[in-house]
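Worksheet: one structure, shown below.
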Amino acid sequence: MELNNFQVKFDNYREIFEKYAIEFFNNNFNTEQKLLDAVKYSFFAGGKRIRPVLMLAVGEVLGVENYCLLPFALAIECIHTYSLIHDDLPAMDNDDYRRGKLTNHKVFGDAIAILAGDALLNLAFSIMSNECLNSDNKNTVKAMLYVSDCAGISGMIGGQACDIISENNKTKSENSLKYIVLNKTAKLIAAAISIPAILADNKFDIVNHFGFILGEQFQIVDDVLDVESSLAVLGKSVGKDYVSGKLTHVSLYGMERCKELVAKQHNEAINIIQALNNNEFLLQFCDYLRMRIK
Ligand code: GRG
């Protein structure tokens, strides 16, 4: 598949998701207008939508229809967006820019930003439980449970807690970093990629393994970009992690070793996904991820 074809396909998955999300948020929520504005401000701020795109792409490979996946894609993107809003707060990473725009609390204030994050998290579980109620597929409950675990105390939230706790800990430990990446970043990406396999009860081990490798690679690339990229390109503040001495792949291994690790994981991801038919887009996705760094 040519890079152009990859981009067309990526945009196509993204548009399917965007249309579904816009329709959902056009609902009458009967709530405070400022809260709804804050929720929509971050949800539609121009995220790459890699989690929904990957979910729809794996769904196509496994023959799971979009209408079965979109509620889960929307729920995961709600969870992802809430985590970014909360991560940007002064009590956490204290960032002014995200997705090329002022962060939620910079526009709406800390209290509304906290509530917008809370609202998105609750919406995610409302969307998934509604799908469990209305679908004939018993595996929807398993899918929701998997998302809950990946996002929760032994998942993304646990990883974020470890990240914050190790921030001022000068003994940079490989084990802490592994725990942070696995939980804070990889689990939600692996969840998005694994939902079609759970719903279809097919190829879970392959797809899940692929998700974790891609998730880990995603974080190493993000750490490299934090040093090498710019606010204009990434749409978020850069360099803070490195300057503040935060535990990242770059601070622990150095830049050259990080690039070697990315190359190693790129090969591993490609080897895993070879086991599936019609894997062209997913193979290209691995290249896309790697090419974000030079
Ligand atoms: C507050 C519970 C809680 C968790 C926060 C998401 C997160 C955990 C922290 C943000 C910082 C960070 C480096 C997270 C790792 C995952 C990551 C690189 C998120 C950014 O995801 P993208 O690049 O973002 O998919 P867009 O904006 O494109 O959606």
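Values quoted throughout were computed directly from the atomic coordinates according to the rules given, and no laboratory measurement underlies them. What you see is a predicted model; the values in this text were computed from it and never measured. Methodologically, a virtual Cβ is constructed for each residue, glycine included, from the backbone with ideal geometry; neighbour enumeration extends over all protein chains shown.
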Checklist entry - Hull surface divided by four, with the convex hull built on the Cα atoms of the range 40-106: how many nm²? => result 4.7
Checklist entry - Mind checking the dipole of the range 120-173: about its Cα centre, +1 per Lys or Arg Cβ, -1 per Asp or Glu Cβ, Debye to the nearest 20? => result 180
Checklist entry - To the nearest 20 debye, what is the magnitude of the charge dipole of the chain about its Cα centre, counting +1 on the Cβ of each Lys and Arg and -1 on the Cβ of each Asp and Glu? => result 340
Checklist outcome for this item: Hydrophobic long helices for the chain, i.e. whole DSSP H runs reaching 24 angstrom or more by Cα along the axis with Kyte-Doolittle mean at least -1.0, come out as 3-25, 66-88, 110-134, 204-228, 255-273
Item to check | Packing-based exposure ordering (other Cβ within 10 Å, fewest first) of Arg51, Arg292 | outcome: Arg292, Arg51
Next on the checklist: For the chain, set up a GNM with springs between Cα atoms under 10 Å and report which of Asp222, Asp95, Asp136 has the largest fluctuation.
Outcome noted: Asp136
Checklist outcome for this item: Relative contact order of the chain (C-alpha contacts under 8 Å, at least 6 apart) in percent is 20
Checklist outcome for this item: A student applying the Cα gyration tensor rule (rounded when a/c is under 1.5; otherwise prolate if a/b is larger than b/c, oblate if not) would label the range 198-241 prolate
Next on the checklist: Given an 8 Å cut-off on Cα distances and at least 6 residues of separation, report the relative contact order of the range 1-102 as a percent.
Outcome noted: 29
Checklist outcome for this item: Most exposed first, judged by fewest Cβ atoms within 10 angstrom, Ser126, Ser229 run Ser126, Ser229
Checklist entry - How big is the charge dipole of the range 117-251 about its Cα centre, in debye rounded to the nearest 20, if each Lys and Arg gets +1 on its Cβ and each Asp and Glu gets -1 on its Cβ? => result 160
Checklist entry - Given Ile112, Val61, Asn278, which one lies farthest toward the positive end of the charge dipole of the chain, if we put +1 on the Cβ of every Lys and Arg and -1 on the Cβ of every Asp and Glu? => result Ile112
Checklist entry - Looking at the square roots a ≥ b ≥ c of the eigenvalues of the Cα gyration tensor of the range 96-221, which shape do they give, rounded for a/c under 1.5, prolate if a/b is larger than b/c, or oblate? => result oblate
Item to check | Per-peptide average of other Cβ atoms within 10 Å, ordering 38-47, 210-219 highest first | outcome: 210-219, 38-47
Checklist entry - Going by how many other Cβ atoms sit within 10 Å of their own, how do Tyr13, Tyr82 line up, fewest first? => result Tyr13, Tyr82
Next on the checklist: Which one, Ser126, Ser148, Tyr179, projects farthest toward the positive side of the charge dipole computed for the range 93-236 from Cβ point charges (K/R +1, D/E -1)?
Outcome noted: Ser126
Checklist outcome for this item: Taking the range 141-203, the equivalent ellipsoid from its C-alpha gyration tensor has semi-axes in Å, biggest first, of 28, 11, 6
Checklist outcome for this item: Note to self: Kirkwood Rh of the chain, Cα pairs, one decimal, Å, is 19.5
Checklist entry - Taking only DSSP H segments of four or more residues, each worth -39500 (n - 2.57), what value at 222 nm results for the chain once the sum is divided by all its residues, to the nearest 500 deg cm²/dmol? => result -23000 deg cm²/dmol
